[in-house]
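The values are calculated or read from the model by the stated rules, or taken from the named source; none is laboratory data. Please read all numbers here as calculations on a predicted model, not as lab measurements. Neighbour counts are summed over all protein chains in view; Cβ atoms, including those assigned to glycine, are modelled from backbone coordinates with ideal geometry. SASA here: full protein model, heavy atoms, side chains in, ligands and nucleic acids out. Shrake-Rupley method; radii C 1.70, N 1.55, O 1.52, S 1.80 Å.
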Amino acid sequence: MAPILLNTAGTDHNEYINHEEVHVKNPHLDSMEEDILYHFNLGTKTHNLPAMFGDIKFVCVGGSANRMKSFAQFIHKELGLPGDSGDIRDICAETDRYSMYKVGPVLSISHGMGVPSISIMLHELIKLLHHARCRDVILFRIGTSGGVGLAPGTVVITDRAVDSFFQPQFEQVVLGKVIVRSTELDKGLAQELLQCSAEIPDLPTVIGNTMCTHDFYEGQGRLDGALCSFSTEEKLEYLQKAYEAGVRNIEMESTVFAAMCRVCGLKAAVICVTLLNRFEGDQITTPHSVLLEYQLRPQILVSHLIKKRLGLIQ
Ligand code: R2B
Ligand code: URA
């Protein structure tokens, strides 16, 4: 099946990137009387989306609902906003698919695990930002990952999001055909984040490629799943090849996140902390309290950048 190449040369992208609005790339939306964002339990007729969300400038997405709630509470304190951070309510409380919190100009949303889950969320999020007429929005994925040749706790800012063949692309099957989209991210934003990391004590950070897989176990070369079809040597050889291709961490959402943001003209970055070094093992044996501290690191980094952009710190 011959893949259809979209946006890899950059023309489709360049046409839109200079605009400030959030672009949906779907002509059918114009003729719809109402758009129901089913998994958010929001809609264009039932909610005044511009009033609710029009001032959003930063969107942070991450896998776990609890983590995105604590991020909302954290950023509330960091931005010095009035009110009690304990009172921030889940805008999607009526559904149990995703959780969403709005804190001033920051939206914090959970996306679950894996490409299908984040992809559904991103379709509705991008339409939400579009309907709300948001401008100059930046998206961050803050998450966890397995490190490739890095000490656990290192934060990786993604240079290129690559697939399991180390290619910077995302393949989507549409009407029985494979569409290939580029996963290029904003290089300037990645550098800005790296600069921020240098201003924060004890935040080991690198820029590197992030491999996105469709499975946590065999798909990431783990020997400890319910199934395993390869030897220890084959696992290490694959991880070594990944390392040589510039891969420094492995997670499960970055390629579709990068691809969808790029098509829609959204500046985006992926920031994941590594929980283990995959050359040294597969099981996550680090104590829970240490893992909790690691998971704060991408939040601290993104919060620093947001505060700088808002002029709250130098
Ligand atoms: C990182 O962690 C999750 C798997 O444990 C997955 O969502 C990811 O990308
Ligand atoms: N998340 C992943 O996807 N892989 C890991 O090894 C750790 C967290």
Just need log10 I(q)/I(0) for region 139-256 at q = 0.13 Å⁻¹, Debye formula, equal scatterers on the alpha-carbon atoms, no solvent, rounded to two decimals.
-0.55
For region 4-309, with every protein chain kept in place, what is the accessible area per residue (1.4 Å probe, Å²)?
45
For the pair Asp84 and Phe165, how long in nm is the line joining their label points, each one 7 Å along Cα→Cβ?
5.5
Among Leu305, Asn277, Leu292, which residue has its Cα furthest toward the positive end of the charge dipole of region 269-314, with +1 on Lys/Arg Cβ and -1 on Asp/Glu Cβ?
Leu305
Do you know the relative contact order of region 4-309, to the nearest whole percent, from alpha carbon pairs under 8 angstrom that are 6+ apart?
24
Give, rounded to the nearest 20 debye, the magnitude of the charge dipole that the chain has about its Cα centre when Lys and Arg contribute +1 at Cβ and Asp and Glu contribute -1 at Cβ.
520
Rh_Kirkwood(the chain) over Cα pairs, Å, one decimal, evaluates to 20.0
Furthest towards positive pole of dipole, Ser85, Ile250, Asn41, structure part the chain, Cβ charges
Ser85
Express the carbon and sulfur contribution to the solvent-accessible surface of region 4-309 as a percent, rounded to the nearest whole number, probe 1.4 angstrom.
52
So what's the gap between the Cα centers of region 97-158 and region 250-314, to the nearest angstrom?
9
Per DSSP H run of at least 4 residues, take -39500 (n - 2.57); add these up for the chain, divide by its residues and hand me the 222 nm value, nearest 500 deg cm²/dmol.
-10000 deg cm²/dmol
Given the candidates Leu227, Leu29, Phe216, the one whose Cα lies deepest towards the positive end of the charge dipole of the chain, counting +1 at each Lys or Arg C-beta and -1 at each Asp or Glu C-beta, is Leu29
Set of aspartates and glutamates near Lys307 by C-alpha distance (under 20 Å), chain-local residues within fewer than 8 positions excluded
Asp55, Glu78, Asp84, Asp136, Asp186, Glu192, Glu199, Asp202
